[in-house]
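Peer 1: Would you mind keeping the following structure in view while I ask a few things?
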Amino acid sequence: MRTKQFKAESKRLLEMMINSIYTHKEIFLRELISNASDAMDKLYFKSMSENIGLTRSDMAIRIEADKEDRKLIITDNGIGMTKEELENNLGTIAKSGSLAFKTENEKTEDVDIIGQFGVGFYSAFMVAKKVTVISKAYGSDEAFMWQSEGVDGYTIQEANKDAHGTQIILEIKDNAEEENYDEFLQPYKIKSLIRKYSDYIRYPILMDSEHEKLKEGSENEYEKEIVTETLNSMTPIWKKSKTELKDEDYNSFYKDKYYDYDEPLTHIHTKTEGTATYTALMYIPAKAPYDYYSKNFEKGLQLYSSGVMIMDKCGDLLPDYFGFVRGLVDSEDLSLNISREMLQHDRQLKLIAKSLEKSIRNELKKLRNNEREKYEKFWEAFGTQIKYGIYESFGANKENLQDLLLYKSSFTGGYVTLEEYVSRMKEDQKYIYFASGSSVARIESLPQTELLKDKGYEILYFTDHVDEFTVQMMHDFNGKEFKSVSADDLGLETEAEKEEIKKAAEENKELFELMTEKLGGKVKAVKLSQRLKTHPVCITSEGMLSVEMEKVLSAMPDEQSQAAKAQKILEINAEHPIFTKLKSLYETNKDALADYAEILYSQALLIEGMPIENPVEFTNKLCEIMAK
Ligand code: ADP
Ligand code: MG
């Protein structure tokens, strides 16, 4: 018998294929099972359109592993192949009988053909030194055998086979130094591969296994028993209709699949048709995984093509700011034989990602509106991520994310949204005020918040490092600008008050200039404060960089961040007795004034939660004054 050559281009393609299209050898099993499933779908389709009377339950895929002979055998009772079909479909790479079937037949809900590229079959050569295909087309009384050892070509000859369908026999390669092929003959490995990639193939995948069982009527004699196991669970939960499913069903699927003990906060189950056709099942976890805020965390959704898993973590499906979402997407628009590199440029995938982002956003808004308690739980786990989403995009994601933001506030003790804040702003209020600090308690005792609170303005409490950076990128919310309680100009004074301030500043100009000079560049200026009521001093800042931001940046690893300094202003309360003291020192003892300036500045730093440059000098100076 003459060995036929693969078509020339096929030969090169085959070599390429075997060595590079697939990153994991193990996917050969997924490919062969998908082909078997397609063959049964085709027969089912034929049966329906020609009233043959076969049902799905007549069909199954069988797997046998023979360790001694190193053979892995996959048998289906699908439509089978004629001699011509063997020749055409397996003799030419990149020729897909399945694609032709799909184009020739009208689409039906019930048939879900996976194949379309005509390369999957050859993945068998990644693990097999020889592949034998024995097939009998449905309705034919002849069977044929196709055999190949890879690039050298193939043979076709007559064969014996009782039932219609196809049997694929792989002679598994011998172990090589860096490759363990033996494992593809191990039942546990086969089972786990099927669960991983082919769990939702809609025909049963059966495998016999041998068990010892107690002989009947005996207490210590055992006999062997063959048990047939179904290895796949068949119906994917996401293909069921929402009305069929309860929260428990969704939650137990989640816990099993993602190894989480906690119930998810909510799930999103969507089916979309149109520019992007897909089904998605996504979950918002209740807690961040332990490595969530570390570099090791890998975001992504599982990607399925018609129920067959093609990628475990497809990162391109989720924006970073929704990286916490777990779940999967199943789309028939995506091909099975696609590599990570190819996926990145897939237009379809981009459309899906865009549409998923929107449904996650909408779900979160729904949660915020209808189940506030749950939403706050979500916020505590993942809020920082959302804020980073705005900051890192330089505000480009603002429109998408600003409605999701929550902050603690001086009004409620709980969380408020920006919308809630703005809706109760005072009539004359120009800004959204915020105060920063390491904790709510710390912020509440900040002298800078005194006046605003006194006048009845609400203040948002920023306790996250990223908070000030985020609102700086946002600039405003619905036209209302953000303003730090430590900002230079709070926008509270009337014209008359402004006049008065100017006058007082003029009167004490020399005193403040001298203090500034004595502080030797640590502050940009010393000023009378408009915001202090009872406290003697505080530090505020001018310009883009606040004192809080300086604190965050100084903790960064790079020198440039560490060098960034806020333009600090030392504010003095004119109503406080210390001010009278300063004025008298200016007249009588300018040297002592320098020490006072130094002490007051250090005190203001301490209130702010900043380190003072020289604690020893500070305490010594303080003691000197106390001892007087
Ligand atoms: P694809 O599945 O993308 O079409 P494959 O390389 O996996 O490409 O298979 C090539 C073709 O061989 C299939 O389209 C199908 O026509 C045929 N084929 C493969 N396996 C079987 C099988 N088990 N039963 C019937 N036909 C099969
Ligand atoms: Mg295929």
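Peer 1: Tell me, which residue of the range 55-109 that is within 16 Å of ligand 1 (Cβ to nearest atom), among the aliphatic types (A, V, I, L, M) and within 24 Å of D208 (Cβ to Cβ) is modelled with the lowest pLDDT?
Peer 2: Looking at the filtered set, the residue picked out is M59.
Peer 1: Let me ask you something else. Consider E273 against the criteria (1) under 21 Å from K358 (Cα atoms); (2) in contact (Cβ under 8 Å) with a residue 24 or more places away in the chain: it satisfies all of them except one. Which criterion is unmet?
Peer 2: (2)
Peer 1: Identify the single condition in (1) in contact with an Asp or Glu (Cβ under 7 Å, 6 or more places away or on another chain); (2) surrounded by fewer than 11 Cβ atoms within 10 Å (Cβ to Cβ); (3) among the hydroxyl-bearing types (S, T, Y) that T494 does not satisfy, given that it satisfies every other one.
Peer 2: Of (1) in contact with an Asp or Glu (Cβ under 7 Å, 6 or more places away or on another chain); (2) surrounded by fewer than 11 Cβ atoms within 10 Å (Cβ to Cβ); (3) among the hydroxyl-bearing types (S, T, Y), only one is false for T494: (1).
Peer 1: Next question. May I ask you to list the residues in the range 222-261 that are of a type in the set (S, T, N, Q) and either over 27 Å from I205 (Cβ atoms) or not in a loop (DSSP other than H, G, I, E, B) (or both)?
Peer 2: Result: T228, T230, T243, N251, S252.
Peer 1: Something else now. Kindly indicate which of G395, G389 is buried (at least 20 other Cβ atoms within 10 Å of the Cβ), in contact (Cβ under 8 Å) with a residue 40 or more places away in the chain and small (G, A, S).
Peer 2: Result: G389 is the single residue among G395, G389 that is buried (at least 20 other Cβ atoms within 10 Å of the Cβ), in contact (Cβ under 8 Å) with a residue 40 or more places away in the chain and small (G, A, S).
Peer 1: Could you identify the single residue in A435, A504, A441 that is assigned by TED's automatic domain parsing to the domain that holds R531, small (G, A, S) and out of contact with any His (no Cβ under 7 Å at 6 or more places or on another chain)?
Peer 2: Selected residue: A504, the only one of A435, A504, A441 that is assigned by TED's automatic domain parsing to the domain that holds R531, small (G, A, S) and out of contact with any His (no Cβ under 7 Å at 6 or more places or on another chain).
Peer 1: Mind listing whichever residues of the range 262-306 are in a loop (DSSP other than H, G, I, E, B) and polar (S, T, N, Q)?
Peer 2: T275, T277, S294, N296, S306, listed by residue number.
Peer 1: Just one of K136, K161 is farther than 20 Å from L72 by Cβ and over 43 Å from the mean Cα position of the chain (by Cα); which is it?
Peer 2: None of the other options fit; the residue is K136.
Peer 1: Hey, could you check the range 307-338 for residues that are outside any loop (DSSP other than H, G, I, E, B) and among the charged types (D, E, K, R) and say which is nearest to ligand 2 (Cβ to nearest atom)?
Peer 2: Restricting to residues being outside any loop (DSSP other than H, G, I, E, B) and among the charged types (D, E, K, R), the top hit is D330.
Peer 1: Okay, moving on. Give the residue that is surrounded by the fewest Cβ atoms within 10 Å (Cβ to Cβ), with candidates limited to residues of the range 285-303 that are closer than 26 Å to L349 by Cβ and in contact with a Pro (Cβ under 8 Å, 6 or more places away or on another chain).
Peer 2: Residue satisfying both the conditions and the ranking: F297.
The values are calculated or read from the model by the stated rules, or taken from the named source; none is laboratory data. Source: prediction; values computed, not measured. Backbone-built Cβ (ideal geometry, glycine too); neighbour counts: all protein chains shown.
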